[in-house]
1. Could you tell me whether segment 113-127 includes any residue that is in the same structural domain as E264 (by TED's automatic domain parsing), among the small types (G, A, S) and closer than 22 Å to D285 by Cβ?
2. Looking only at segment 303-339, how many residues end up being assigned to a loop (DSSP other than H, G, I, E, B) and β-branched (V, I, T)?
3. Out of the residues in segment 178-219 meeting the condition of being out of contact with any Ser or Thr (no Cβ under 7 Å at 6 or more places or on another chain) and over 29 Å from T387 (Cα atoms), tell me which one is surrounded by the most Cβ atoms within 10 Å (Cβ to Cβ).
4. Which residues, taken from segment 222-276, are among the basic types (K, R) and in a helix (DSSP H, G or I)?
5. Could you list, in sequence order, all residues of segment 150-165 that are in a helix (DSSP H, G or I) and not charged (D, E, K, R)?
6. Filter segment 166-177 down to residues that are assigned to a loop (DSSP other than H, G, I, E, B) and at negative phi and give me whichever is surrounded by the fewest Cβ atoms within 10 Å (Cβ to Cβ).
Amino acid sequence: MPKRVPKTELDAVLQAVARFSEGASIEDIGGAIKVKLPRRTLQRRLALLVEQKRLTVEGRARGSRYRRSAITIAEDAEKPRLRGETYIPISPEGEAVKQAVRQPIQNRRPVGYNRVFLDTYRPNDSFYLTPEIRQQLRELGRSPDGQRPAGTYARQVYSRLLIDLSWNSSRLEGNTYSLLETERLLELGEAAEGKDAREAQMILNHKAAIELLVEQAAEVGFNRYTILNLHALLSDNLLADPQACGRLRSIPVAIAGTVFHPLEMPQVIEECFQRVLDTAAAITDPFEQAFFAMVHLPYLQPFEDVNKRVSRLAANLPLIRENLSPLSFVDVPERAYIDATLGVYELNRIELLRDVFVWAYERSCARYAAVRQSLGEPDLFRLRYRTLETDAVSEIVGSGMDKKVAAAFIKRRASEDVPQEDQARFIEVVETAVMNLHEGNIARYRLRPSQYQKWKEAWR
């Protein structure tokens, strides 16, 4: 008599696969599953679920990727979702989109990429956000730093933004790190015990991408350099093909849980990607520009994976550039975000995603207004020389300098890079920063705990 397979094991496998919206390898599943199984046992469970048509598999051998089947997704859709469900206030139009995408998948009509949706948008003539919404968001997000160099506001709230945006954007992808675990990972380099290494990698990738947005605020924008490099940073060490990082896809992709089928022809993907960039770059209103990116980058699926993460960070490009409050997706329910994205994919309707965007921005504005108030007025001198200060401290620690060598190095750096009238103050700022280094603030200088501990021995 065949041995009965525990239902808990099959359910655990299904839950693990569900965390990967664009398919999972056996390594992905093994790292994400809550009930740990030997590899051979996991292979047998996967084969059984494919036989039961609860999973589908593409590729062969090491290239196999598993996705939830329409049957499993339909079963999930029939479960009561509204009881105790966390959602956001939405408009009647948003509610209509929500109800449409929550129909069992068999009742939703398969659709492909609709290029007309992109081609009919005319920058500064077409608008997804009404004048009232744009004005409301500008009033909420406005800061006293509007006339200062790009990125000034983001640098003031940088420590909080780094944690918030890394955590919330990762959370929307199913990452299970808590906010405190994320904070320890980013500030101390400590990964949480019992968590999948991919989750830590995802969060650290967000940190690198946010650093690009803030440190190069005056240079980055809706161009190939920025978006391709955002993808490379966000996807680092997460893709089956490392060469796909920062490159437009040349293979078909499928998205689990939807009837939407993305473009497959590489040359058309290339054309539409450039059209998205050109259109976004031509939009003058920062909020319309941010929302356009959230609509069209995931819809096009220009990369093999990590498309939504790219869009969430790209949405911050115009906000950081114009010293508006950044958007960190604080408290956004994962289900609301998924429903809103499906509305764009399957219906080309933006109303629910617009509701999510506006609500999320209001929450983010309230958060950073409170953070900025608690910080008091920033030191404008340190703002002006922030990059030089960071580089100097990083080099002192990274090179293991002792006090004598560091003092000479700081004076030399000041004489080379700082106007004479500011040199004395710059030396004071850097020396103070070095003396105040501790394990809780080294991430600001892009330092790892191991570097800091090694340097401390030389410093003594």
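The values are calculated or read from the model by the stated rules, or taken from the named source; none is laboratory data. From a predicted model like this one, the values you see are computed outputs, not experimental measurements. Neighbour counts run over all protein chains shown; Cβ positions are idealised from the backbone, glycine included.
1. yes
2. Residues meeting the conditions: 3.
3. Looking at the filtered set, the residue picked out is D196.
4. First, pick out the residues of segment 222-276 that are among the basic types (K, R): 224, 247, 249, 275.
Residues satisfying the conditions are R224, R275.
5. T152, Y153, A154, Q156, Y158, S159, L161, L162, I163, L165
6. It comes out as T176.
Let's see how each residue does on (1) of a type in the set (A, V, I, L, M); (2) buried (at least 18 other Cβ atoms within 10 Å of the Cβ):
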| residue | (1), (2) |
| --- | --- |
| R413 | no, yes |
| A424 | yes, no |
| E439 | no, no |
| Q451 | no, yes |
| A458 | yes, no |
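Let's see how each residue does on (1) more than 20 Å from L347 (Cβ to Cβ); (2) surrounded by fewer than 24 Cβ atoms within 10 Å (Cβ to Cβ); (3) under 19 Å from the mean Cα position of the chain (by Cα):
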site	(1), (2), (3)
I255	no, yes, yes
V259	no, yes, no
C272	no, yes, no
R275	yes, yes, no
D285	yes, yes, no
F292	no, no, yes
L297	no, no, yes
K308	no, yes, yes
